[in-house]
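Worksheet: the structure to be examined is printed underneath.
Each reported figure results from applying straightforward, stated rules to the coordinates on display, with no laboratory input. If you're wondering where the values come from, they're calculated on a predicted model, not measured in any experiment. Note that we place each Cβ from the backbone using ideal geometry, even for glycine, and neighbour counts take in every protein chain shown.
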Amino acid sequence: MVPKRYYPFNKINLIHPLLAPFFVMAEPLVSALGTNRLIVLYAHLYPDRSGNFNQNLIKKNLQYLVQECNVLPLRDAMERLDKNQELPRRAVAILVDDATKAFGQQGRNLLAEVELPYTLALIPGLIQESGRENQIARLMRLAGHKYWLPNQEMVQKALGWFGPPIDEGAVSFEGLFEKARQLEEDQLEDLLLHIRAQNDHFMSWEELKQLQAEDKVDFASHTMSHPQLKFATGTWLDWEIGRSKELIQSNLGVEVDSLVVPYGNPKHFTADLQQALIKHDYKYSYSTRKGTIGSQTWRHQLPRLNLEDEYWHLKLHTCPAVCSFLYSNDSGLSNKQE
Ligand SMILES: [Zn+2]
């Protein structure tokens with residue numbers, strides 16, 4: 001007997017440029033059936049490694065948000081959901097990751113032109129004025145950033161700097177963090193040379209203060225060194241989560257209650273991370289799982305959708321009722337982001 005072949009219906013196949021206009025038209029009808037939900041859009045707003053940055057597309061997308069959606073400050077939107085208060089139709093909040101110098105020079109202007117509120121996720125360890133902690137963050141970045149060797153080999157390479165013997169059991173990112181914390185600044189500089197650490201450019205605290213004075217901006221933590229948090233344990237994890245919050249709060253005088261998990265992969269949300277979030281009093285943490293947010297959505301792995309997407313996709317991705325249907329039960333489905 002020939003076995004039956006099943007072609008299960010998958011809602012994701014409905015996400016198509018030809019079908020998108022019908023979904024957008026259906027949004028008012030579908031949203032009338034339930035309570036309004038929130039869509040958090042993520043963006044980087046600076047050129048990628050190949051120098052690509054489609055400013056025209058971003059301008060068009062931002063204009064669409066101004067004309068067709070209700071863009072709320074993220075903090076207000078989440079507070080409303082926490083209190084079970086109503087959200088407007090097509091409620092959207094913008095979360096911008098990384099705060100590189102290039103964002104300060106380019107992307108920020110695009111947001112300022114349309115006067116939309118946004119939340120900026122900072123990596124305080126990678127801000128140069130952070131001194132010794134900047135050196136340690138640049139080192140620990142080998143647990144996230146793609147260097148010339150895979151992450152696990154990079155940590156061995158770094159531990160090799162300390163000289164033999166490398167105890168097999170001590171080959172861990174946390175082990176490296178603990179050893180690095182004992183070093184003087186010139187030793188750390190030598191270790192950074194040894195691993196050929198890069199020094200990307202992020203906005204300074206002064207630049208961030210200026211932005212704070214001029215824009216409708218709020219801040220979130222994006223860890224100290226932008227690692228893959230699935231590797232993070234113990235004292236190192238504690239530093240990534242706790243210290244980043246402290247530095248943003250003390251430098252910018254805002255309360256930080258959100259963590260944007262680097263790379264956003266749901267697999268990086270470990271039990272250790274959950275504990276660290278609770279310990280350091282974070283109310284929210286954001287992944288890149290696709291979906292919408294309601295009053296019942298788990299606050300420690302909130303979904304986001306991409307702002308820097310094709311125009312038809314953005315239109316669809318600003319329809320909370322329709323997206324809530326399209327992305328329900330797709331916990332493994334993640335956007336790609338860095
Ligand atoms: Zn990032």
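Projecting the Cα atoms of ALA321, ALA220, THR233 onto the dipole axis of the stretch 219-338, where Lys and Arg carry +1 and Asp and Glu carry -1 at the beta carbon, places ALA321 farthest toward the positive end.
In terms of surrounding Cβ atoms within a 10 Å radius of their Cβ, ASP272, ASP190 rank from fewest to most as ASP190, ASP272.
Within the chain, DSSP assigns beta bridges of which about 10% are antiparallel (rounded to the nearest 5). Taking every C-alpha pair closer than 8 Å and separated by at least 6 residues, the mean separation divided by the residue count of the stretch 187-286 gives a relative contact order of 29 percent.
Measuring between their Cα centroids, the stretch 110-162 and the stretch 45-70 lie 24 Å from each other.
Our helix-only sum for the chain, with -39,500 (n - 2.57) per DSSP H run of n ≥ 4 divided by its residues, gives a mean residue ellipticity at 222 nm of -10500 deg cm²/dmol. Each eigenvalue of the Cα gyration tensor of the stretch 228-338, multiplied by 5 and square-rooted, gives one semi-axis; in descending order these are 27, 15, 13 Å.
Across the chain, C-alpha contacts under 8 Å between residues 6 or more apart give a mean separation that, scaled by the residue count, equals a relative contact order of 24 percent.
With 28 Å as the limit, the listed pairs LYS230/LYS283; LYS157/LYS290; LYS60/LYS245; LYS60/LYS283; LYS245/LYS290 have LYS157/LYS290; LYS60/LYS245; LYS60/LYS283 beyond it between alpha carbons.
Using the beta-carbon distance between SER204 and GLU153 and R0 = 22 Å, what value does 1/(1 + (r/R0)^6) give for FRET efficiency, to the nearest 0.05? Can you show the working numbers first?
On the way: r = 33 Å, r/R0 = 1.48.
Computed FRET efficiency for SER204 and GLU153 comes out at 0.10.
Given the peptides 113-123, 176-186, arrange them by the average over their residues of other C-beta atoms within 10 Å, most packed first.
Details: 113-123: 20.5, 176-186: 15.5.
In descending order of packing, they fall as 113-123, 176-186.
The GNM of the chain, with springs linking C-alpha atoms under 10 angstrom apart, assigns the highest mean-square fluctuation among SER204, SER287, SER50 to SER50. Comparing VAL40, VAL260, VAL322 in a Gaussian network model of the chain where C-alpha atoms under 10 Å apart are linked, the largest mean-square fluctuation is found at VAL322.
Sorted from longest to shortest, the spans of the Cα atoms of the chain along the three principal axes equal 69, 66, 40 Å. Rounded to the nearest whole angstrom, the semi-axes of the ellipsoid equivalent to the stretch 30-133, taken from the Cα gyration tensor as √(5λ), stand at 29, 19, 10, largest first.
Using alpha-carbon pairs under 8 Å, 6+ residues apart, how would you state the relative contact order of the stretch 1-146 in percent? Before the final figure, lay out the partial values.
On the way: 137 pairs, mean separation 35.5, N = 146.
It rounds to 24 percent for the stretch 1-146.
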